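The values are calculated or read from the model by the stated rules, or taken from the named source; none is laboratory data. Just so you know, these numbers come straight off a predicted model, no measurement behind them. Here the Cβ is made from the backbone with ideal geometry for all residues, glycine too, and neighbour counts use every protein chain on show. The accessibility values were calculated without ligands, DNA or RNA, using every heavy atom of the protein model including side chains. Shrake-Rupley method; radii C 1.70, N 1.55, O 1.52, S 1.80 Å.
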Amino acid sequence: MEVLLERKSLASFEEVKSFLRNVHECIEVPTPFTSLAWQESWIYSLTVLPTLYIFKLGNQIIGYCWIVSKNTLSLLPLHAWYLNQTGELKKDQVWVEYNTIICSKKHEQACLNALLNKAKIDHVCKLYISMSHNIAISKDLVDNSIRVDSENVNGYRTSLITADLEKHLSKNTRSQIRRSTKILEQDYGAISVIEASEDQLHSYLTKLGSLHKEKWSESAEGSGFNNPLFLSHHKYLLENFPENVSIIEIKAGTSLLGYSYNLIFGDTVYFYCSGINYQYENNKIKPGYTLHSTLMEYYQKKGFYWYDFLGGESRYKKSLSTETYIFSNLTIYTRSIEGRLASALQRIKQKLF
């Protein structure tokens with residue numbers, strides 16, 4: 001049976017909420033970013049809804065995705081579709097990894113091909129999927145497109161199924177963690193872990209945000225904690241899905257090392273962001289390393305299997321992880337006049353620059 005694609009109009013957030021809660025009862029999603037909790041919170045934060053497409057097998061809705069169409073060139077009518085994002089930093093700052101069509105894995109390829117067919121019919125030149133993981137580039141998908149470009153980004157995670165976490169780390173990393181922790185405990189006191197209760201989640205998030213802004217406000221992307229849309233998303237998430245969030249405060253004695261915001265999904269803890277105290281004068285103190293090593297031990301004792309650092313290059317992720325995996329930014333050019341033109345222009349650009 002063929003998967004059919006329909007555009008669905010929803011006029012209010014309450015209608016979206018009802019739709020999401022119904023459809024998520026019928027699909028299995030493997031990550032927090034495709035979950036009901038994340039989707040509902042993200043849509044709540046937006047003032048203008050993206051276009052909603054639903055995928056049907058017979059009369060059964062088997063999945064959905066959000067699409068925004070954007071002009072790729074000012075002088076030519078070439079439009080690209082962005083999957084589950086808007087293409088605008090402020091609106092997309094919360095959306096990170098594991099992007100895909102939101103459906104059970106067994107339907108993913110059929111839904112993706114249905115979406116690509118619709119893009120071709122609508123004269124869309126390309127479909128862009130950011131930070132996807134484990135999406136197969138099937139023969140049907142290749143045959144149905146001009147070409148598929150893939151830009152890879154590393155993701156990092158640590159297996160917590162071991163009696164001795166440290167033995168899987170390099171000698172240098174183990175040395176840095178032990179030295180940092182030893183100095184902290186000698187100078188300030190024992191390392192302690194306090195997980196926010198449901199009533200404390202908002203106050204912990206505010207404290208984390210203050211430290212995060214100190215570190216990242218002047219960076220290119222800035223701190224999400226200066227972004228009202230980012231804050232709206234996370235406040236909704238904490239209020240409506242607290243079981244999927246874990247915010248931790250870590251101290252050495254009375255001295256604050258920092259806060260960690262983690263997403264809980266299945267057997268995995270996803271490290272989302274942190275606010276770390278970098279004011280220690282002793283450069284042998286590595287508050288970030290101590291924070292993460294302490295957290296991994298904490299979540300290991302709680303029975304989790306994985307501590308996922310998510311994507312992006314960072315020395316601490318490489319040092320503290322036991323496994324590397326791949327995210328892909330996919331650009332799929334439609335088999336259309338517009339797709340051929342966009343593909344040709346991209347090849348010219350690559351040769352020139």
Inset, instruction - Select one label from (i) 20.0; (ii) 18.9; (iii) 40.6: the one whose number is mean projected area of the Cα convex hull in nm² as derived from the coordinates shown. - result: (i)
Legend entry - Listed residues I191, I276, I121, most fluctuating in the chain (Gaussian network, C-alpha, under 10 Å): I121
Inset, instruction - Work out how much length E14 to K302 would gain on full extension: take 0.36 nm times their residue separation and subtract the Cα-Cα distance, in nm to one decimal. - result: 100.1 nm
Inset, instruction - Could you look at the range 128-182 and say what percent of its accessible area is carbon and sulfur, using a 1.4 Å probe and all protein chains? - result: 47
Inset, instruction - Output the relative contact order of the range 161-304, whole-number percent, from Cα pairs under 8 angstrom with separation of 6+ residues. - result: 29
Inset, instruction - Please work out how much length the chain gains when fully extended from K318 to E25, using 0.36 nm per residue of separation minus the C-alpha to C-alpha distance, in nm with one decimal. - result: 101.8 nm
Legend entry - Share of carbon and sulfur in the accessible heavy-atom surface of the range 258-342 [1.4 Å probe, %]: 48
Inset, instruction - Just grab the label-to-label distance for D199 and S170, each label 7 Å out from Cα along the Cβ direction, in nm (one decimal). - result: 4.6
Legend entry - the range 191-314 shape via C-alpha gyration tensor axes, a/c threshold 1.5: rounded
Inset, instruction - Extending each Cα 7 Å along its Cβ direction at K90 and E6, get the distance between those two points in nm, one decimal. - result: 3.5
Legend entry - Protein accessible area in the range 1-98, 1.4 Å probe - carbon and sulfur %: 50
Inset, instruction - Sort 260-269, 247-256 for me by packing, meaning the mean count of neighbouring Cβ atoms within 10 Å per residue, highest on top. - result: 260-269, 247-256
Legend entry - Accessible area (Å², per residue) of the chain, counting only protein heavy atoms and a probe of 1.4 Å: 49
Legend entry - Estimated distance in nm for a label pair at S150 and S255, the labels positioned 7 Å out from Cα along Cα-to-Cβ: 4.7
Legend entry - Contact order normalised by residue count of the range 232-353, Cα under 8 Å, 6+ apart, percent: 16
Legend entry - Helical contribution to [θ] at 222 nm, DSSP H n ≥ 4, -39,500 (n - 2.57), averaged over the chain, rounded to 500: -11000 deg cm²/dmol
